[in-house]
Amino acid sequence: MTKQKITAKQKAFCEYVILEGKSLVEAYILAGYSSNGNKNTLKHNAYVLYNTETCKAYIAELSAMVLRDKNDVFTKLLLFYIDVVDNEEVPMKERLKASENLAKMYSLLSDSVQIGTKDDFQININIKTPEE
């Protein structure tokens, strides 16, 4: 039996699952696989992909990398938040707060946006209120 080379999509799928803590279905779609079909088909396809020999080998490699870097503060926080979010025994309020903190770690949530430019420019924003 020849060892199959991992494809770019398979690699992305594994990275979304292991490094970003995405669900199998979410990782499957984000990696570029078809999101057509019903939810059960997506779950099945994602599970089958997760259990292929090529993905298992790459997941083991990624997991070893994460474990090796466990002393890194960022990695410790990442693993902690992922554990809290995935643990169904933790109250939903705490899981939501952990997911919010996880999103902040990856700058997915922001109260403001900074735009860097060399030139000065002016932006005018007109907001109409319901009374106008």
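Loop-only trypsin sites (Lys or Arg not before Pro) in region 1-106, please: DSSP not H, G, I, E or B, and at most 13 other Cβ atoms within 10 Å. Taking region 1-106 and a limit of 13 other Cβ atoms within 10 Å, the loop trypsin sites (Lys or Arg not before Pro) found are Lys3, Lys5, Lys70. With a simple spin-label model that places each label point 7 Å from the Cα along the Cα-to-Cβ direction, the separation between Val73 and Lys43 comes to 4.0 nm. In sequence order, region 74-89 has phi-based couplings of 4, 5, 4, 5, 4, 5, 4, 5, 4, 4, 5, 4, 7, 7, 6, 7 Hz under the Karplus curve 6.51 cos²θ - 1.76 cosθ + 1.60, θ = phi - 60°, and Gly or Pro positions carry x.
Extension gain, Leu19 to Glu89, is 22.9 nm, computed as 0.36 nm per intervening residue step minus the present C-alpha separation.
With a/c under 1.5 counting as rounded, go ahead and sort region 27-82 into rounded, prolate or oblate using the C-alpha gyration tensor (a ≥ b ≥ c being the square roots of the eigenvalues; past the cut-off, prolate if a/b is larger than b/c, else oblate). Spell out each step's value before the answer.
Details: a/c = 3.38, a/b = 1.93, b/c = 1.76.
It is prolate, given that a/c is not under 1.5 and a/b is the larger ratio.
Rounded to the nearest 0.05, the FRET efficiency derived from the C-beta distance between Asn101 and Leu30 at R0 = 25 Å is 0.75.
Just so you know, all these numbers are worked out from the coordinates, no wet-lab data involved. Note that the coordinates shown come from a computational prediction; the quantities given were computed from them, not determined experimentally. No Cβ is skipped: glycine too gets one built from the backbone with ideal geometry, and neighbour counts run over all protein chains shown.
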